[in-house]
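First the structure, in the form of structure tokens, and then the observations on it.
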Amino acid sequence: MTFADLGLCPELVRAVASAGYDTPTSIQEQAIPVALDGQDLIACGQTGTGKTAAFLLPILQRLTIGKVKRRPTHHPRALIVAPTRELAAQIGEMVERYGKYLRLRSLVIYGGVGMERQTRRLAGGLDIVIATPGRLLDHLGRSQANLGAIETVVLDEADRMLDMGFLPDVRRILATLPTERQNLFFSATMPDEIEQLIRRTTREPVMVEVARRATPVGAVRQVVHPVAMNRKKDLLSGLLKRDNMDRTLVFTRTKARANQLVRHLEKSGRRVAAIHANKSQNARTRALSGFRTGKIDTLIATDIAARGIDVDDISHVINFDLPHVPEDYIHRIGRTARAGRQGDAIALAAPEERAQLAAIERLVGKSIRREHLPGFPPGAQTEEGTNRGKGRSYRRTGHGHGRPQRRTLSGAV
């Protein structure tokens, strides 16, 4: 199947081809026709499945067609809400890329920068607004944004917005929108709070699910290196000296630890930078740009900041600290093995992190292979083979493998 087969207009097919894509992913193949038809949609898929194009392409087409069929409006007709500045900026870049042959106007709104330019652009007329919740509410509170003409709203990474405490903000934003609209929800997992929001918001939504929820991409090779906590930095330095360690993303739990690792790794000759909430927007943009272009080969990130990292050729993801929330492990390792490539996920597990490792293995439904490296004793032995029970129970509509399944949901999710 091609993008043209999905019903996309020639301008969009041409733009997608110029971006280097000729075959839609599974989630795009299933979601695009539903969204083009104007139906509400719930799409569950891990990072790297192509979900951004799955909602952007039909939005761009519907806006273009609507310009001919409807009376022109000065106010935006599509709203995309994203949890972080980086993700909002990435979506904005993809709007420009896919809409390059269309006459549509878009604006990205997020905090950490001045409001004046955003206010001028909002007053100048727009088709699409991509926004983080807090800054969008700032504009709404000052009557600087009018969402009364919104026809389609997208909540991207809805589960992450819940994790970050944005759900009350999201409810306030949705309350300002016209009741007659298309709702598109995209999420890697479906917590109860998100299901409740969907039930109150959507009308007979179609669900598209790619792979079992909370299941890592199959092409990711996973390994755990047991190591004492105070030897993790040295082990990380040693790993990064391997010949196959190309573009590498390292996760830490805290901003302070990320800064410490930057100072430590700079001494070993790696081109390294950190990205976290305490960094200015300019610093985060420079770090992310350098990582994409190869000027930076090792990026140290916290979970929240990493949500906007959309780079196809990350060879390795290293969990320097194991996350307290096991689903975050899935989000992290999903940053590699994109676009049909293979990738490696390495976890450095100290004895103190035994509980986190057990929770991760329960979630993925298997024991992750251990590899003890010479010179790095694990300290107290981490247990292996004790977490082979069935994974956490998630309601599923797909088979868990291959092509996604579709069904219309009547009233409840």
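Beyond a 23 Å Cα-Cα separation, which of these cross-linked pairs lie in this structure: LYS51/LYS100; LYS241/LYS295; LYS51/LYS241?
Working: LYS51/LYS100 19 Å; LYS241/LYS295 17 Å; LYS51/LYS241 34 Å.
Checking Cα-Cα distances, LYS51/LYS241 exceed 23 Å.
Pick out, in residue order, every one of the trypsin sites (Lys or Arg not before Pro) in region 116-147 that is DSSP loop and has at most 10 other C-beta atoms within 10 Å; say none if there are none. Mind showing how you got there, number by number?
Details: sites: ARG117, ARG120, ARG121, ARG135, ARG142; in loops: ARG142.
Hits after loop and neighbour filter: ARG142.
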### Task
Count neighbours as other Cβ atoms within 10 Å of each site's Cβ, and list the GluC sites (Glu not before Pro) in region 171-270 that are DSSP loop with at most 14 such neighbours.
GLU180
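Using only helices, what value at 222 nm comes out for the chain when you add -39,500 (n - 2.57) per DSSP H run of length 4 or more and divide by the total residues, to the nearest 500 deg cm²/dmol?
Details: 15 runs with 152 residues, N = 413.
Calculated at 222 nm, the ellipticity per residue is -11000 deg cm²/dmol.
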### Under the Karplus curve 6.51 cos²θ - 1.76 cosθ + 1.60, θ = phi - 60°, whole-Hz ³J(HN,Hα) for region 126-131, x wherever Gly or Pro sits
9, 9, 10, 10, 10, 8
### Query
Of the beta bridges DSSP finds with both residues in the chain, what % are antiparallel, to the nearest 5?
10
### Message
Relative contact order of region 43-161, please, whole-number percent, based on alpha carbon pairs below 8 angstrom and at least 6 residues apart.
### Response
37
### Query
Candidates [x] 34, 24, 18; [y] 57, 40, 29; [z] 37, 24, 20; which is the computed semi-axes √(5λ) of the Cα gyration tensor in Å?
[z]
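Express the relative contact order of region 150-250 as a whole percentage, based on alpha carbon pairs under 8 Å and six or more residues apart in sequence.
Details: 50 pairs, mean separation 27.8, N = 101.
It rounds to 28 percent for region 150-250.
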### Task
Pairs of Cα atoms under 8 Å, at least six residues apart: use those to get the relative contact order of region 220-364, whole percent.
34
### Query
What is the calculated FRET efficiency for THR119 to LYS233, with r their C-beta to C-beta distance and R₀ = 30 Å, to the nearest 0.05?
0.10
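Values in this text are rule-based calculations from the coordinates and carry no lab data. Not measured: the values here are computed from a predicted model. Cβ atoms come from the backbone with ideal geometry, glycine included; neighbour counts cover every protein chain shown.
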